[in-house]
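Data first, discussion second: the structure below is written as structure tokens.
The values are calculated or read from the model by the stated rules, or taken from the named source; none is laboratory data. Predicted model, so just to flag it, every value in this text is computed and none were measured. All Cβ positions, even for glycine, are placed from backbone atoms using ideal geometry, and neighbour counts span all protein chains on display.
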Amino acid sequence: MKSDPGLYGYLPWDRRPEIRWPDGARVAVWVAPNIEFYELDPPVNPQRKPWPRPVPDVTGYATRDYGNRVGHLRMMRVLDQFGIRGSVSLSTAMLTHHPEIIDLVLERDWELFSHGIYNTRYTYGLSEDQEREMIADAMQRISDYSGQHCDGYLAPALSHSEHTIDLFAEAGGTYTCDLFHDDQPTPVITRSGKRFVSVPYSLELNDTIVYVVNKIEPRRYGEMICRAFDRLYAEGERSGTVLCLPLHAYQVGHPHRLAAFQRALDYVCSHHGVWLATGREIARHYLDHHYDDAVATIRRIEEEAA
Amino acid sequence: MSLDPKFLAYENLRHGMDHDRYAWSMLERREPIAWPRDAPLALWINVCVEHFPLNPQSQGFKAPGNMTMPYPDLRHYSLRDYGNRVGIFRILQALKRYGLKASFAVNGEVAERYPYLVQRLAETGSEFLAHGWNMDCAHASGMDEATERRWITDTLAVLGRLAGAPIRGWLGPARSQSQRTPELLAEAGLAWCADWINDDLPYAFRTGQGDLVNLPLSLELEDRFIIGDNLHSEVEYADQLIDAADFLLAEAHQRGGRLLALNIHPWVIGQPHRIGQLERVFEHLRGLAGQIWNASPSEIARAGLSPVTAAP
């Protein structure tokens with residue numbers, strides 16, 4: 001085991017090359033709906049149980065299923081209202097179980113990226129070959145169904161190995177959502193040396209973390225989004241920032257939550273200088289215009305420290 | 001290090017669900033539901049009337065609200081019993097004051113211990129649901145079939161005697177089910193259960209003993225969940241229920257009938273500092289009276305069932 005993942009160099013907030021988003025935007029805003037399938041009775045990973053209760057864990061399973069039966073369309077209508085295209089973190093088993101939802105995604109010209117096969121299949125304990133096979137399988141399922149190349153990865157249930165990001169870069173991926181170290185994209189170091197980036201995917205504003213882990217009230221979540229936006233918008237005058245809203249239809253899609261979220265989006269989208277982007281577009285723009293500067297700056301800072 | 005190949009095999013990867021209990025169906029792809037009297041929103045208020053034993057055995061798993069301290073955990077035992085002595089009467093008064101109808105999901109052991117209370121509830125003319133034998137009787141796979149069947153039949157027997165009408169609906173303690181619970185419920189003559197919280201409308205639920213209906217009783221809008229688990233204030237609790245009512249009503253006007261299913265616990269919301277916030281919710285609902293069909297759950301299960309959700 002390592003004491004440092006070794007995935008990125010130190011790049012302090014006050015010594016960065018300026019990031020310029022398209023059309024002079026201050027903030028790149030991207031919304032990442034997780035479209036997930038949780039199995040009722042999966043094989044039990046030796047390091048993590050899928051459900052707290054004995055199978056069938058009715059409340060655990062049905063809570064997630066609510067997103068698929070009820071929540072996604074509700075959430076899509078809200079995003080449609082603001083012209084937001086989602087970047088979908090996809091349990092690729094959904095392409096088989098519930099393709100009707102994926103068709104609604106593709107009609108809207110949203111991005112699909114990989115979130116593994118099922119959110120009840122964890123990376124823990126997989127050999128490197130097994131993980132490589134699972135990553136390639138999920139990417140293939142996305143391209144077979146949608147014709148899209150899978151550019152991004154969020155490991156299933158945020159379960160990782162030491163090789164996860166190396167393997168995804170080698171499989172042809174461009175960006176990861178698995179790192180929470182920054183409010184801007186950053187270069188990611190992988191063993192293949194490929195040009196590969198982290199796109200900020202805020203865990204602190206992830207609806208599941210907000211509602212379930214931190215037990216935040218629905219209206220307060222809306223206020224948190226507005227406050228985060230205000231600060232990133234102000235700082236974005238100097239250099240472009242990123243606001244990511246990771247969502248789950250089984251959380252934000254509830255009737256006591258969605259209106260407060262909608263008001264927050266209304267606030268965000270009422271500003272000029274907001275780039276409503278997808279994960280892929282942010283990664284691509286950064287790789288094309290800012291990646292090399294950032295790598296050079298990190299190297300200079302490391303040389304100074306040495 | 002590697003895992004058994006079964007971890008990369010996906011045996012239930014197929015169109016629809018990964019089990020056969022109910023059909024895959026998106027709410028908005030169904031024909032819109034019309035409730036009686038053309039009300040856009042159906043309202044189901046359910047009150048859980050519960051007994052938490054002082055000496056829980058916690059077979060299967062420990063349901064929320066059970067004893068947590070070393071025996072004898074008098075503080076949790078008596079705090080739960082508060083609901084049956086005091087809290088329930090505040091709720092009854094609030095329902096009467098705002099002209100609202102509720103159902104009562106009652107543990108069999110409450111009926112056995114406090115027949116007075118069940119008779120008092122029966123006088124309101126409300127529907128009763130069986131809520132398992134007591135809150136230490138979580139139904140879980142692996143438990144003895146005869147015990148599980150006895151919990152169901154004993155509950156129906158004692159509650160049925162006092163209710164004055166046959167019991168048609170079931171809410172498991174903590175919405176628990178074993179692999180065989182649905183079969184046992186159907187075998188016992190029940191028509192519907194409320195445990196699966198995956199929809200905003202009822203749907204058909206398959207068992208080996210004939211179909212049940214599942215009528216989802218929201219967990220996320222429950223007092224115990226919002227106040228007890230999430231530790232939100234009683235004011236926040238009321239705000240969330242009011243936001244949910246307004247949201248569902250607006251959606252119902254555009255997309256067909258919706259259901260607001262509110263589950264409450266006398267030992268939670270019946271406390272003197274909280275009951276006023278429940279009354280604030282009731283006042284809001286009374287203000288929507290012309291647009292709300294406040295009915296019994298069996299009536300709602302009948303009126304809201306869409307044919308496309310028929311089990312696979």
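Data for the structure
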{"quantity": "Unique residue being at pLDDT 95 or above, closer than 19 Å to B:GLU251 by Cα and out of contact with any Lys or Arg (no Cβ under 8 Å at 6 or more places or on another chain) when the list is A:VAL242, A:VAL252", "calculated": "A:VAL252"}
{"quantity": "Single match in B:MET1, B:MET17, B:MET69, B:MET26 (criterion: within 14 Å of another protein chain (Cβ to nearest Cβ), exposed (fewer than 11 other Cβ atoms within 10 Å of the Cβ) and more than 30 Å from B:TYR98 (Cα to Cα))", "calculated": "B:MET1"}
{"quantity": "Residue pairs meeting the criteria (Cβ under 7 Å; at least 6 apart or on separate chains; first among the acidic types (Asp, Glu), in region A:82-111; second surrounded by 22 or more Cβ atoms within 10 Å (Cβ to Cβ))", "calculated": "A:GLU111/A:SER87; A:GLU111/A:VAL88; A:GLU111/A:THR278; A:GLU111/A:GLY279"}
{"quantity": "Selected residue [in a helix (DSSP H, G or I), farther than 16 Å from B:PRO53 by Cβ and small (Gly, Ala, Ser)] from B:ALA94, B:ALA105, B:ALA111", "calculated": "B:ALA94"}
{"quantity": "From the options A:HIS72, A:HIS97, residue that is within 10 Å of another protein chain (Cβ to nearest Cβ) and in contact with a Phe, Trp or Tyr (Cβ under 8 Å, 6 or more places away or on another chain)", "calculated": "A:HIS97"}
{"quantity": "Answer residue from region B:161-181, given it is more than 9 Å from every other protein chain (Cβ to nearest Cβ) and part of a loop (DSSP other than H, G, I, E, B) and is surrounded by the most Cβ atoms within 10 Å (Cβ to Cβ) among those", "calculated": "B:LEU171"}
{"quantity": "So B:PRO53, is it closer than 30 Å to B:TYR116 by Cα, more than 9 Å from chain A (Cβ to nearest Cβ) and either assigned to a loop (DSSP other than H, G, I, E, B) or without any contact (Cβ under 8 Å) to a residue 40 or more places away in the chain (or both)", "calculated": "yes"}
{"quantity": "Test result for A:ASP80, within 30 Å of A:ALA234 (Cβ to Cβ) and of a type in the set (Asp, Glu)", "calculated": "yes"}
{"quantity": "Flag for A:GLN148 being surrounded by fewer than 24 Cβ atoms within 10 Å (Cβ to Cβ), at negative phi and out of contact with any Leu (no Cβ under 9 Å at 6 or more places or on another chain)", "calculated": "no"}
{"quantity": "Residue satisfying all of: in region B:125-147; in contact (Cβ under 8 Å) with a residue 12 or more places away in the chain and aliphatic (A, V, I, L, M); surrounded by the most Cβ atoms within 10 Å (Cβ to Cβ) among these", "calculated": "B:ALA130"}
